[in-house]
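Working notes for the structure below.
The values are calculated or read from the model by the stated rules, or taken from the named source; none is laboratory data. Everything numeric here is computed off the predicted structure, so don't read it as measured data. Virtual Cβ from ideal backbone geometry, glycine too; neighbours counted across all protein chains shown. Note: accessible area is taken over every heavy atom of the protein model, side chains too, but ligands, DNA and RNA are not part of it. Shrake-Rupley method; radii C 1.70, N 1.55, O 1.52, S 1.80 Å.
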Amino acid sequence: MGDSKWYTSSKVNTWKQILNLYAQKYGKQKRGKTRWIFRGERVSDKLQTVLEKKFKLNGIKTKVIKYKYEIDIVREFQRKASLYLQHEPDKDDILEWLALMQHHGASTRLLDWTYSFFNAVYFALAENKKGLVWSFNAATVDEPKKIEITFEDIHRYHELVGYFKKKNDILQIRSLGDKLEDLAIACYLVEKRESMIYAINPFKLNKRLTVQQGLFLITGDIANSFEANLKEYFDKVKMSLKDNIHRIEINPTTDERKNIMRNLRNMNITNETLFPDLGGFAKSVGECLAYPEVFPHQ
């Protein structure tokens, strides 16, 4: 499916095969070399952000218009978010705003991933007969020093870092973990629009990001597709993308899908645990049809 030259692929059909694949490929990670992250979804040809999908749906093709509309979307969200929020992010914290927007279903340049392979398997099959798990080695794009060397306007990036460091708290707590550099990178990419992707999270984590072990890949240039950003960055740094991204198709029988869902439940992975609100609980009740033995009358 699609251009298979830029990723490796495999297929699994059973829970045993899923466990074997995890043990062989992801069970042991090399510090500083591999940091696998995962995304579960329906079987599709492309990795796409919601913003990218909305541009296509509405026939928006001009680069300048895409850049303008992203700012318009963020501005409109910021103007009216106070009607629904008790606490708003700082106006300058574009990363926290984008994460908040993503959390509530707005169109952003972020793409959701998780550190948990089994969470991704759940997302792939929760509402589908078959599904897809993407794995990506985030160690290639998870530190500022790994990507800032490619910036065309490094002076502007350092200006942004300096600006946010001046706004740091008195105990310098926020600077730990390179989060100020991450914020500067997010601002830089929104402003400068360079084709790349970067593994990122805001300083303040919401409940869903925490329980889902979530993070984002941020698109550098929204005028191009997520996949184009990915490919162009790896070309730029002369690394093999194919060695760092893997596509896993899961195509179980009906009974085997139920077995997979039952085993995920035994790992405490359900809609109720991943979406800790009434809506998540309501959906999890329906999931019990995959393992009806949990019902009292069974």
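State which residue is most open to solvent (accessible area, probe 1.4 Å) when the search covers only the range 77-95 and only residues that are part of a helix (DSSP H, G or I) and in contact with a helix residue (DSSP H, G or I) (Cβ under 8 Å, 6 or more places away or on another chain).
PHE77
If a residue has to be open to solvent by 40 Å² or more (accessible area, probe 1.4 Å) and either in contact with a His (Cβ under 6 Å, 6 or more places away or on another chain) or within 24 Å of ALA126 (Cα to Cα) (or both) to count, how many in the range 25-38 make the cut? Steps first, please.
Residues of the range 25-38 open to solvent by 40 Å² or more (accessible area, probe 1.4 Å): 25, 27-33, 35.
Adding the requirement that they be either in contact with a His (Cβ under 6 Å, 6 or more places away or on another chain) or within 24 Å of ALA126 (Cα to Cα) (or both) leaves 25, 27.
Within the range 25-38, residues that are open to solvent by 40 Å² or more (accessible area, probe 1.4 Å) and either in contact with a His (Cβ under 6 Å, 6 or more places away or on another chain) or within 24 Å of ALA126 (Cα to Cα) (or both) number 2.
Determine which member of the set VAL74, VAL64 is among the aliphatic types (A, V, I, L, M), at pLDDT 95 or above and loosely packed, with under 12 Cβ neighbours inside 10 Å. Steps first, please.
On the way: VAL74 fails: loosely packed, with under 12 Cβ neighbours inside 10 Å.
Residue meeting the stated conditions: VAL64.
If a residue has to be under 23 Å from THR34 (Cα atoms) and aromatic (Phe, Trp, Tyr) to count, how many in the range 125-171 make the cut? Outline the logic, then answer.
Going through the range 125-171, the residues under 23 Å from THR34 (Cα atoms) turn out to be 132-150.
If we keep only those that are aromatic (Phe, Trp, Tyr) too, we end up with 134, 136.
Selection size over the range 125-171: 2.
I want to confirm something. Restricting to the range 22-69 and keeping residues that are assigned to a loop (DSSP other than H, G, I, E, B) and β-branched (Val, Ile, Thr), which single residue is nearest to TYR115 (Cα to Cα)? If you could, list the steps in order and put the result at the bottom.
Kept after step one, since they are assigned to a loop (DSSP other than H, G, I, E, B), are these residues of the range 22-69: 27-35, 42-49, 58-62.
Narrowing further to those that are β-branched (Val, Ile, Thr): 34, 43, 49, 60, 62.
Details: THR34: 12, VAL43: 20, THR49: 18, ILE60: 33, THR62: 35 Å.
For the range 22-69, the residue satisfying everything is THR34.
Looking at TYR157, TYR115, TYR67, can you tell me which residue is hydroxyl-bearing (Ser, Thr, Tyr) and in contact with a strand residue (DSSP E or B) (Cβ under 7 Å, 6 or more places away or on another chain)? It would help to see each step written out before you state the result.
On the way: TYR157 fails: in contact with a strand residue (DSSP E or B) (Cβ under 7 Å, 6 or more places away or on another chain); TYR67 fails: in contact with a strand residue (DSSP E or B) (Cβ under 7 Å, 6 or more places away or on another chain).
Within the list TYR157, TYR115, TYR67, the selection yields TYR115.
Among (1) among the aliphatic types (A, V, I, L, M); (2) surrounded by fewer than 21 Cβ atoms within 10 Å (Cβ to Cβ); (3) in a helix (DSSP H, G or I), where does ALA106 come up short?
(3)
Which condition breaks for THR210 when tested against (1) farther than 21 Å from VAL64 by Cβ; (2) β-branched (Val, Ile, Thr); (3) in contact (Cβ under 8 Å) with a residue 60 or more places away in the chain?
Tallying (1) farther than 21 Å from VAL64 by Cβ; (2) β-branched (Val, Ile, Thr); (3) in contact (Cβ under 8 Å) with a residue 60 or more places away in the chain, THR210 fails exactly one: (3).
Within the range 230-248, does at least one residue satisfy the condition of being among the hydroxyl-bearing types (Ser, Thr, Tyr), loosely packed, with under 14 Cβ neighbours inside 10 Å and modelled with pLDDT under 90?
Taking the range 230-248 first, the residues among the hydroxyl-bearing types (Ser, Thr, Tyr) are 233, 240.
With loosely packed, with under 14 Cβ neighbours inside 10 Å added as a condition, the list becomes 240.
Narrowing the set further to residues that are modelled with pLDDT under 90 leaves none.
No; the residues of the range 230-248 include none that is among the hydroxyl-bearing types (Ser, Thr, Tyr), loosely packed, with under 14 Cβ neighbours inside 10 Å and modelled with pLDDT under 90.
Show the residue pairs that are 6+ apart or on different chains and have beta-carbon atoms under 6 Å apart, the first residue being within the range 262-280 and touching a residue at least 12 places away in the same chain (Cβ under 8 Å), the second being surrounded by 11 or more Cβ atoms within 10 Å (Cβ to Cβ) and among the small types (Gly, Ala, Ser).
Partner pairs satisfying both residue conditions: THR270/SER284; ASN271/GLY280; ASN271/SER284; GLU272/GLY280; GLU272/SER284.
Please tell me if LEU132 is in a helix (DSSP H, G or I), surrounded by 15 or more Cβ atoms within 10 Å (Cβ to Cβ) and in contact (Cβ under 8 Å) with a residue 24 or more places away in the chain.
Details: in a helix (DSSP H, G or I): no; surrounded by 15 or more Cβ atoms within 10 Å (Cβ to Cβ): yes; in contact (Cβ under 8 Å) with a residue 24 or more places away in the chain: yes.
For LEU132, the condition - in a helix (DSSP H, G or I), surrounded by 15 or more Cβ atoms within 10 Å (Cβ to Cβ) and in contact (Cβ under 8 Å) with a residue 24 or more places away in the chain - is not met.
Considering the range 4-45 alone, what residues qualify as being within 28 Å of GLU70 (Cα to Cα) and modelled with pLDDT under 90?
If the condition is that a residue be within 28 Å of GLU70 (Cα to Cα) and modelled with pLDDT under 90, then ARG42, VAL43, SER44, ASP45 are the ones that fit.
ALA120 versus (1) surrounded by 14 or more Cβ atoms within 10 Å (Cβ to Cβ); (2) part of a loop (DSSP other than H, G, I, E, B); (3) at pLDDT 95 or above: which is the lone unmet condition?
All conditions are met except number (2).
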